[in-house]
Every structure is written in C-alpha cells, then in structure tokens.
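Engineer: Got a structure for you, written out below as structure tokens; questions coming shortly.
Derivation of every value follows stated rules applied to the coordinates shown; laboratory data play no part. Just so you know, these numbers come straight off a predicted model, no measurement behind them. FYI the Cβ positions are ideal-geometry reconstructions off the backbone, even for glycines, and counts take in every protein chain you see.
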Amino acid sequence: MHTQRLNLSALSPRVGLSALAVTGLLATAACGTESGSDDSGSGSVGTRQATGITGKQWNVESVTADGKTRDAPAGAHIEFGKDGKVGGNYGCNSFGATAEIKGDTITIGDDAIKTKKACTAEGAMDFESQLGGAISGSTAKVVVDDDKLTLTTEDGYTVKLTADKPAELHGTKWNVTAMTKGATKGESGVALASEAEGKVHLTFDEDGTVRGQLGCNKVTAKATVGDGTITLGAAGTTRKMCSASLMDTEKTLLKLFGGTVKYQLKGSTLTLTSENGPGVEAVAAK
C-alpha cells in the first residue's frame, strides 16, 4: 500500500489560507506536460484528453483501497489546471500540489499547500486521510470516459470522479458546509457541527428573496443580486428554540443579513463573504 506522505495532524499553524484562497490560487492551475498524440478514444490521455480534464472541477465520488470503497462527502473535488499544479478539497481541507501529465499518467507531488480545519462530521477526517494518501506523492493511470474520470495509482488506490455541472445561483438549494469568520482576515473555514449538517441551507429566488434554514429556524429576506454581490435585507425567522450548538450556528449566520456580501459561484460551489462578519461555503444539493 501507498505510504501516506501527508501528515494531516502535524501541519504548520502558519497555514492560514482560507479554502477560498487556496481554490483561487489553484483554480487556474494545471498539469504542465500534455504529451502524447492519441486522440482516438477514452482511456488514453493524449493532447485532447489532457485538455478535457484540465480547467474544470472534478467531484470525487469515491476512493477504493484494499477492496473497500469509501464514498466522498459533499465538497470533495480536484481541479487540474494548465501550469503544472493541481488543487481542490479533500472533503474538509483545501489543498494544492504540483502535477504533470505524461501520456496516460498523472504524477502529483507531495509538496501540498493545505488548510487546517478540524471537521467533526462522522468519517470526514478518515476520508480526507484516505484521499490524501491516495493522491499525494502518487503516480496514477488515467481513464477519461465522457464526464467520468478514474485515477488508479501504482499503490492500488482507485479514485472515481465526475465532472462538475455548473449550478445556477437562483433556484438552487445551497447546503452550507462551512462558515468563515471574515473575508478580510484570510481565515480558513470552520466546518459545521455534526448536528447542523443538512439543516443549514439557502435558496435564492428570481423574485429577489432568499429563504432557507439556519440550523434551527426558517429564514426569509430580500436578496438583491448585483455584480458579484448580494445585498441581504433584514432576516425574518421563525421562533423555535433548539440545542445550544444549533442556536450558536444560527446566531452567527444571522450576521450575514442586513448588509452586502460578496459571492463567488464556481461549478456547484457557492461562497459568500462579508468584510466584517461571517461567510459561508456551500454546495448545490444533488
């Protein structure tokens, strides 16, 4: 088996890049060498196939090792750019590394940039360790089949991915997966408490409103979408009382309202950030 080179518990505390910052740095990153000239079929990563896997987000579906398959949590993805780099998210933390395509193989370096979040969702850190162990410092055979990508490493890991389908801001149910403290501080996102998972979501409607749930109570507000910004009106909520952790989550999220937030929509991922308050990272519901 592959010896995992990525020490998830011993990362430098200086790594303060946010998930958004890492994604921004590496979204245009890619595999530097696109060698090979076979344009005839899937399963061979020549010039056409290499071009087909770069510049897009591949959502991780599963990782298989020793005959055991682990399904990926929402948000796990990999992006191959065009300047010899790869970036993405292991399911909790964002990462970046070097990458090179030669023929039908991809070699990924183990000199990763990595955020340092501690995720409490059941199995999240175990999956992160599995995926990090599979791709960090590895060489993998590549099979491309339309919107499907399979990486099979020399050490026996199989990673299955599907090309991300862009989601629309309006009409999409956005499941919140993490919160950030503020765009100006460069701090990494904090995963939601396990109790809040699946209970925090927002939907922006064409009529200029947003509705959803903040963990305990339902919320509605005006939402005026501008050029890269959304102005949120005062929040109207129901009045239920829930557990302390859900109420704390809700209290933090309510600070988004009554002001303007910047938004970034990339594939099936939405990031909302405000200068002085919290922000959120969300993925489109499947």
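Engineer: Once you order the gyration tensor axes a ≥ b ≥ c over the Cα atoms, which shape class does the range 89-166 get: rounded for a/c under 1.5, otherwise prolate or oblate by comparing a/b with b/c? Please list the in-between numbers first.
Structural biologist: Details: a/c = 1.81, a/b = 1.42, b/c = 1.28.
Taking the square roots of the gyration eigenvalues as a ≥ b ≥ c, the range 89-166 is prolate.
Engineer: What FRET efficiency comes out for Thr69 versus Ile113 if R0 is 41 angstrom and r is the Cβ-Cβ distance? Round to the nearest 0.05.
Structural biologist: 0.90
Engineer: Could you state the number of Å between the C-alpha centres of the range 249-286 and the range 94-166?
Structural biologist: Cα centroid to Cα centroid, the span is 27 Å.
Engineer: Let me ask you something else. Checking the a/c ratio against 1.5 first, then a/b against b/c, what shape does the Cα gyration tensor give for the range 90-135?
Structural biologist: Here the range 90-135 falls in the prolate category.
Engineer: Distance cut-off 22 Å, Cα to Cα: go down the list Lys68/Lys141; Lys148/Lys262; Lys82/Lys141; Lys165/Lys286; Lys56/Lys286; Lys116/Lys218 and report the pairs above it.
Structural biologist: Lys148/Lys262; Lys116/Lys218
Engineer: Hey, what do the phi angles of the range 161-170 turn into as Karplus ³J(HN,Hα) couplings, whole Hz, using 6.51/-1.76/1.60 and θ = phi - 60°, x for Gly and Pro?
Structural biologist: Per residue, the Karplus-derived 3J(HN,Hα) values read 9, 10, 4, 5, 9, x, 9, 7, 4, 7 Hz.
Engineer: OK, next. Mind running the shape call on the range 146-286? Use the C-alpha gyration tensor, a ≥ b ≥ c as the square roots of the eigenvalues: rounded below 1.5 for a/c, prolate if a/b tops b/c, oblate otherwise.
Structural biologist: The shape class here is prolate.
Engineer: Around Ser62, which amide H atoms from residues at least 5 apart in sequence, or from another chain, sit under 5 Å from its own amide H, with H modelled in the peptide plane?
Structural biologist: Hits under the 5 Å cutoff: Ala72, Lys160.
Engineer: Next question, about the same structure. Out of residues 5 or more away from Ser94 or on other chains, whose amide H comes under 5 Å of its own, with H placed 1.01 Å from N in the peptide plane?
Structural biologist: Thr115
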